[in-house]
1. Condition first: touching a residue at least 12 places away in the same chain (Cβ under 8 Å) and acidic (D, E). Now tell me which residues in region 1-32 satisfy that.
2. Would you confirm whether any residue within region 65-83 is surrounded by fewer than 20 Cβ atoms within 10 Å (Cβ to Cβ), within 26 Å of L191 (Cα to Cα), touching a residue at least 40 places away in the same chain (Cβ under 8 Å) and out of contact with any strand residue (DSSP E or B) (no Cβ under 9 Å at 6 or more places or on another chain)?
3. Report, by residue number, each residue of region 99-119 that is within 17 Å of R135 (Cα to Cα) and near the ligand (Cβ under 10 Å from one of its atoms).
4. Any residue in region 120-131 that is part of a helix (DSSP H, G or I) sitting within a Cβ distance under 6 Å of a residue that is surrounded by 22 or more Cβ atoms within 10 Å (Cβ to Cβ)? List the pairs, counting only those 6 or more apart or interchain.
5. Provide a single number: the residues in region 212-229 that are within 11 Å of the ligand (Cβ to nearest atom) and small (G, A, S).
6. Report whether or not L98 is of a type in the set (A, V, I, L, M) and surrounded by 19 or more Cβ atoms within 10 Å (Cβ to Cβ).
7. Just to be sure, is R57 over 16 Å from D348 (Cβ atoms) and among the charged types (D, E, K, R)?
8. Give me a count of the residues in region 4-41 that are more than 30 Å from D110 (Cβ to Cβ), away from the ligand (no atom under 16 Å from the Cβ) and either surrounded by fewer than 14 Cβ atoms within 10 Å (Cβ to Cβ) or not β-branched (V, I, T) (or both).
Amino acid sequence: MDWDGMIREELGTLVPYAPGLREEQVRERSGRDDICKLSSNESPFGPFPAAIAAMERELVGLNRYPEGASIALRERLAAIHNVPVSQILVGSGSNELLRLVAQTVLRPGDEVVYAWPSFVVYPMATTMFGGVHVRVPLDESETHDLDAMLAAITDRTRIVFLCNPNNPTGTYYSTDAFDRFLERLPEHVLLVLDEAYFEFVTAEDYPNGMDYFDGSRPIVVLRTFSKIYSLAGIRVGYGFAPEPLVHAVDCIREPFNVNSVAQAGALASLDDGVEVIRRRAENQEQKTYLYSGFDRLGISWVPSETNFVWIKTERPVEVFEALLEQGVIVRGFGATPALRVGIGTAEDSRRTIEAFAAAVARLGRI
Ligand SMILES: Cc1ncc(COP(=O)(O)O)c(C=O)c1O
């Protein structure tokens, strides 16, 4: 059988998404039980108590299909954000929404502009639907270079992905920079604002995508329940888009793309604004602790508006392995001279700095 002839040629360059190492794998490798998993930008805490209760209540009804369009969740999001229900997207993680939005608009040969390094799903979605990659390097402060991204736009550009704050660097572009960008952005481009880490942001000059969304401009804003809401395992994300785009996504998504437990968990999470504030503050406290620990060890770090910190190292592979031996899992990006360190509990932070200290002691300056 000629599988190369059977499978679409452009998919040949893709590799499956590589998630961070799992705790069990590291337990086996390091022989340690006390693993700190800081590799996937997850919350170290469980789902909100009200979400757990709501999800448990759903279990007995799992013989039935979910409500197909996640209507109650869409209605609640619409009310919170003061937009019509017809402009709400709900998906199996914002990952699915990134892919679906690309699928609705990309034709083979269309150009897709995105920063690099940034979230790996942008290049994956581009390749999947025959798009042409236009990668714009982050600037020297590891931030989106919005001027360079504008300069990269042509008549053939279909999508611009902006990740704010950016994964994996944790950096953000300011309201001023974004205003200048938006003023000059041509109308034929669909702007996808990926705000997966929105709730962790404390910077005052961060541009909230929803302040720019009016339901008619070609702007999509994507958010998720996977991060501050601690629902990564159940897969639910949401977003806002002009009605024709939401309609197109509804036509091509799976009929029951968000399961009933996920819908219930997400809905209940939205009722607990106090918990969001508490978790953001906790994240901020641990981030400050990590910054000062890195400073003491002479490790250079990039200020983050997220639940992870991008540290610079010329020896990423050796440092990654040294941390792993201490039971601390971070995320490496091949030869990129940096590592992404997730923010966990106070105990995770203590262990992280201890593990970095051991790595410095062993390797010298890292
Ligand atoms: C920037 C960014 N966007 C989107 C996602 C997807 O999140 P989910 O599919 O869990 O909503 C992630 C996950 O790590 C991310 O970092």
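1. Those that are touching a residue at least 12 places away in the same chain (Cβ under 8 Å) and acidic (D, E): E10, E23.
2. yes
3. S118, F119
4. V121/L98; Y122/Y114; Y122/F161; A125/L98; A125/A102; T126/V112
5. Of all residues in region 212-229, those within 11 Å of the ligand (Cβ to nearest atom) come to 222-227, 229.
Next, only the ones that are small (G, A, S) stay: 226.
Qualifying residue count, region 212-229: 1.
6. It is true that L98 is of a type in the set (A, V, I, L, M) and surrounded by 19 or more Cβ atoms within 10 Å (Cβ to Cβ).
7. Values: over 16 Å from D348 (Cβ atoms): yes; among the charged types (D, E, K, R): yes.
So R57 passes the test.
8. Just the residues of region 4-41 that are more than 30 Å from D110 (Cβ to Cβ), to begin with: 20-40.
Within this subset, residues satisfying the condition of being away from the ligand (no atom under 16 Å from the Cβ) are 23-36.
Cutting the leftovers down to either surrounded by fewer than 14 Cβ atoms within 10 Å (Cβ to Cβ) or not β-branched (V, I, T) (or both) gives us 23-25, 27-34, 36.
Count: 12.
The values are calculated or read from the model by the stated rules, or taken from the named source; none is laboratory data. For clarity, every value in this text was computed on a predicted model and none was experimentally measured. Positions of Cβ are generated from backbone atoms using ideal geometry, with glycine treated the same way; all protein chains shown enter the neighbour counts.
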